[in-house]
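Let me begin by presenting the structure, written as structure tokens, before commenting on it.
The values are calculated or read from the model by the stated rules, or taken from the named source; none is laboratory data. This structure is a prediction, so every number in the text was calculated from the model and none was measured. Ideal geometry is used to build each Cβ from the backbone, glycine not excepted, and the neighbour counts take in all protein chains shown.
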Amino acid sequence: MDLRALMPALSGKHYFNYGGQGPLPTPSLEAMVACWGELQRLGPFSREVWPFLEAQVGALRRRLAALCSVPPHRLALTENVTTGCVLPLWGLPFDRGDRLLLSDAEHPGVVAACKELARRQQLEIDWFNARDCRSDHSVMEGLEQQLQPRTRLVVLSHLLWNSGLPMPIKAVAQRLAEHPRHPWLLVDAAQSAGSLELGDVPDAADIYAFTGHKWCCGPEGLGGVALSERVLEQSQPTVIGWRSLSNESVAGSSWHSDGRRFEIATSCVPLGAGLRRSLELLDGTGTAAKREARIKELSHRLWQGLQQIKGLQPVLQDAPPPSGLVSFTAAGQDPDALVEALANRGFQLRSLADPHCVRACTHICTTDVEIDALLNALANLCATS
């Protein structure tokens, strides 16, 4: 299947921003339109529409649960990664003086949520080094150095958004299980879902939050979070609506005992039809393992090409990233200005603030020709700077 041909957003440009947002395939848009049409045909708030809505939501929940290798009752539907992190996190039972341990490579949105949680509940925040680590061993060493007797939560991305390095989530989970307080493990999976073969990694986390609009190439506004059994038992809803209730028609009803307790109210069901179709299209190109291998093949080609251009330096210098994210700097050039210059030439990349660099993403829709064209454009820009 030529998935690229089904993505109008890729026409006439060289797109390297899958880590920000993936292009939506036309069949996914058509699936959403068809779902909206059926809602209107049945009547958007009619007796006949409810079985249709339940079937749509149930199919989406099962599909995303399968993506994470968890049973459907442990999957909550969310709008994005941030809500997937925050809603269960803020409902956990912390005590004053408990400590949160974050890696130094987390996304600002998750960091901000943890800082505000710490302020409100009088918690302390510690940090461990992940950004400069180049091996699982060094990540585990950094974690070990900062674990405290009162550490209650660890926050670590599955795939670092700034360097493209995957983190040893299962090893971290095992170490936390040995800690006297067994800290919860929150994993930001914004960059891993749709790009890596997830296997049973989500099952190792307590909170594994992901989105459908990046590497899964689904519509924005829909994601999910896989939750551990102990989070379902211990965390209480923080933003509450009728979907959180076991009986939505009864005031004072108890919460759902499953992941639905973190779902709030009316949401856009057709988005689910679009995301399911995008996942079907990705599956049509090969297994998750095959897709990951192709993504790495493309990112390695880009990384090796960057090494040949004078003045360019990949953030990961010793080996290519084992993912589709390739970050780099250009001597004497501001990353923001370089991204703008590339955009003027039809290449869509982005700059990052920490570290201040340029990030390019390769997906299965990326071509060798595109990568060579990007390298040629970079070589020309570096030669004239």
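Taking segment 222-242 only, how many residues are out of contact with any strand residue (DSSP E or B) (no Cβ under 9 Å at 6 or more places or on another chain) and either among the acidic types (Asp, Glu) or under 19 Å from GLN56 (Cβ atoms) (or both)? Steps first, answer last, please.
Going residue by residue through segment 222-242, those that are out of contact with any strand residue (DSSP E or B) (no Cβ under 9 Å at 6 or more places or on another chain) are 229, 232-233, 238-239, 241-242.
Filter once more, keeping what is either among the acidic types (Asp, Glu) or under 19 Å from GLN56 (Cβ atoms) (or both): 229, 233, 241-242.
Counting residues in segment 222-242 that are out of contact with any strand residue (DSSP E or B) (no Cβ under 9 Å at 6 or more places or on another chain) and either among the acidic types (Asp, Glu) or under 19 Å from GLN56 (Cβ atoms) (or both) gives 4.
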Residues satisfying the stated conditions in segment 342-369, i.e. more than 30 Å from THR285 (Cα to Cα), crowded, with 16+ Cβ neighbours inside 10 Å and among the aliphatic types (A, V, I, L, M) | LEU352
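In the set LEU298, LEU306, which member is outside the structural domain of LYS214 (by TED's automatic domain parsing), buried (at least 18 other Cβ atoms within 10 Å of the Cβ), in contact with a Ser or Thr (Cβ under 7 Å, 6 or more places away or on another chain) and of a type in the set (A, V, I, L, M)? Walk me through how you get there before you give the answer.
Details: LEU306 fails: in contact with a Ser or Thr (Cβ under 7 Å, 6 or more places away or on another chain).
Testing whether each residue is outside the structural domain of LYS214 (by TED's automatic domain parsing), buried (at least 18 other Cβ atoms within 10 Å of the Cβ), in contact with a Ser or Thr (Cβ under 7 Å, 6 or more places away or on another chain) and of a type in the set (A, V, I, L, M) leaves just LEU298.
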In segment 358-377, anything over 19 Å from the mean Cα position of the chain (by Cα), closer than 18 Å to ALA5 by Cβ and touching a residue at least 24 places away in the same chain (Cβ under 8 Å) is listed as THR366, THR367, ASP368, GLU370
Among the residues of segment 34-71, write down those that are more than 28 Å from ALA288 (Cβ to Cβ) and hydrophobic (A, V, I, L, M, F, W, C).
-> TRP36, LEU39, LEU42, PHE45, VAL49, TRP50, PHE52, LEU53
Being outside any helix (DSSP H, G or I), of a type in the set (Gly, Ala, Ser), in contact (Cβ under 8 Å) with a residue 12 or more places away in the chain and touching a helix residue (DSSP H, G or I) at 6+ places or on another chain (Cβ under 8 Å) narrows SER327, SER323, SER278 down to just SER323
Flag for SER267 being under 21 Å from the mean Cα position of the chain (by Cα), in contact (Cβ under 8 Å) with a residue 24 or more places away in the chain and assigned to a loop (DSSP other than H, G, I, E, B) = yes
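Assess whether PHE52 counts as being part of a loop (DSSP other than H, G, I, E, B), aromatic (Phe, Trp, Tyr), over 17 Å from the mean Cα position of the chain (by Cα) and at negative phi. Lay out the reasoning, then the answer.
Details: part of a loop (DSSP other than H, G, I, E, B): no; aromatic (Phe, Trp, Tyr): yes; over 17 Å from the mean Cα position of the chain (by Cα): yes; at negative phi: yes.
So PHE52 fails the test.
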